[in-house]
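Worksheet: the structure to be examined is printed underneath.
Taken together, the values in this text are just the output of simple stated rules run on the coordinates, not laboratory data. Quick caveat: nothing in here was measured; it's all calculated off a predicted structure. A quick note on method: Cβ atoms are made from the backbone with ideal geometry, for glycine too, and the neighbour counts reach across all protein chains shown.
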Amino acid sequence: MDFDLTDEQRMLKESVEQLITDRYDFEQRKKYMKEEAGYSRSQWAQYAEMGLLGLPFDERFGGVGGGPVETMIVMEAFGRGLVLEPYLATVVLGGGLVNLGGNDAQRAAILPKIADGSLLLAFAHSEAQSRNDLADVATAAKRDADGWILDGEKAFVAHGNCADKLVVSARISGDRNSREGIGLFLVDAQSHGVSRKNYETQDGLRAAQIKLSGVKVSSNDAIGDPGKALPLIERVADSALAAVAAEAVGAMAAAQEITMEYLRTRKQFGVAIGSFQVLQHRAVDILVHLEQARSMALFATMMMDHPDPAERSKAISAATVQIRRSGKFVGQQVVQLHGGIGMTLEYKIGHYFKRLTAMESLLGDTDHHLAALARAGGLIAASA
């Protein structure tokens with residue numbers, strides 16, 4: 001397997017990293033957080049101009065035709081900058097569901113607008129009772145003469161506060177935990193019956209609790225075959241986890257570099273604290289965990305195109321477990337090595353730890369993915 005980047009991928013990496021370096025330092029990020037939507041609209045327009053918002057989509061729908069590696073490159077750079085913009089929500093999750101599950105008319109109507117930055121999406125799926133189970137959907141979709149009527153409540157919708165359209169999962173038939181009977185629907189966020197309670201998350205991003213009361217959608221707004229949406233949801237959830245793995249690596253790498261610089265410059269007893277052997281040992285442990293995470297993030301990216309969904313999911317769960325273990329270790333260590341300043345909101349290192357911590361519960365917590373991997377027989381099957 002070739003792990004080298006192509007010339008085009010190297011150019012993408014250099015341009016995105018330069019953009020983050022130039023326009024996303026910690027002070028700029030704090031200003032972006034104070035904007036009404038919780039992120040920078042000008043940055044979003046810049047991403048569109050660079051082609052990042054259409055990166056995974058086909059050229060005939062205004063995209064670039066990139067794949068998982070290109071998404072990994074962008075997300076790792078975004079992790080370094082602790083980017084606030086709704087890239088994961090709009091491009092990877094919402095855009096991914098439309099791109100992989102929608103018909104040509106839906107793709108033609110939605111994807112070019114995502115690519116040019118004029119349309120924001122959010123995936124409204126998680127519910128209060130569902131926890132880690134993607135099949136646990138209580139929101140109901142009932143047929144009517146013109147299409148469907150949706151009723152229910154979604155507990156955590158990442159960037160649901162600013163989304164123009166929602167991709168809503170709802171149960172058409174079956175029990176609450178049944179794998180069959182789940183549909184996906186495109187819903188205008190301003191539709192009658194949609195109410196949003198917006199809030200800021202612990203890592204500085206935005207989310208919303210969304211209530212649907214008698215929301216009417218047309219038959220043309222159903223994505224794919226109504227009632228058979230779960231495999232699509234699982235596929236896109238895997239792609240989101242692979243993207244977040246790359247983002248986590250970027251955040252860990254930046255935190256490690258900041259900490260190494262701090263150890264070189266912070267003096268105690270007249271010498272740099274980086275000269276203390278015990279701190280050098282901890283610095284090495286941080287690097288080892290970072291490189292383990294980097295390897296698994298690359299593995300997850302490469303496995304996204306695997307034809308067997310079971311093998312793909314095993315790889316994603318394995319990568320997720322390692323990424324989160326590494327993220328927890330690195331986050332704790334870099335904060336501790338900074339001492340008291342690491343605990344202040346005014347200094348950036350604690351914000352990397354907060355973002356890494358928030359990632360631990362995204363699309364299933366660490367224990368859930370470890371259990372899923374165990375049920376599947378492990379990443380490498382035991383020999384007889």
Alpha-carbon radius of gyration plus Dmax, which is the widest Cα pair, for the stretch 122-227 in Å: 13.1, 44
Helix-only CD estimate at 222 nm, as mean residue ellipticity for the chain, using -39500 (n - 2.57) per DSSP H run (n ≥ 4): -15500 deg cm²/dmol
The stretch 122-276: relative contact order as a whole-number percent, Cα under 8 Å and 6+ apart: 22
Label-point separation, GLN277 to GLN336 (7 Å along Cα→Cβ), nm: 1.9
Overall form of the stretch 1-112 per C-alpha gyration tensor (a/c, 1.5; a/b vs b/c): oblate
Test item: Cα-centred dipole of the stretch 231-375, Lys/Arg +1 and Asp/Glu -1 on Cβ, debye: 460
Size of charge dipole - the chain - debye, nearest 20, with Cβ of Lys, Arg +1 and Asp, Glu -1, no other charges: 1120
Average Cα contact separation per residue, the chain, under 8 Å, 6 or more apart, as relative contact order %: 15
Relative contact order for the stretch 118-168, counting Cα pairs under 8 Å that sit 6 or more residues apart, in percent: 54
Percent of Cα-Cα distances greater than 22 Å, calculated over the stretch 169-241: 38
Where the Cα pairs of the stretch 179-334 fall when distances are cut into 10 Å bins, in %: 10, 24, 25, 22, 11, 6, 2, 0
Projected-area mean, the stretch 272-384, by convex hull of Cα positions, square nanometres: 9.3
Extension gain (nm, one decimal) between ALA140 and GLN18, 0.36 nm per residue minus Cα-Cα: 39.3 nm
For the chain: span of alpha carbons on each principal axis (Å, largest first): 79, 58, 42
Per DSSP, loop GluC sites (Glu not before Pro) in the stretch 20-56 with at most 15 further Cβ within 10 Å: GLU35, GLU36
Positive dipole terminus of the stretch 122-227, leading residue within VAL137, ALA208, LEU186 (C-beta point charges): ALA208
Cβ-placed point charges (K, R +1; D, E -1), dipole of the stretch 122-227 about Cα centre in debye, nearest 20: 180
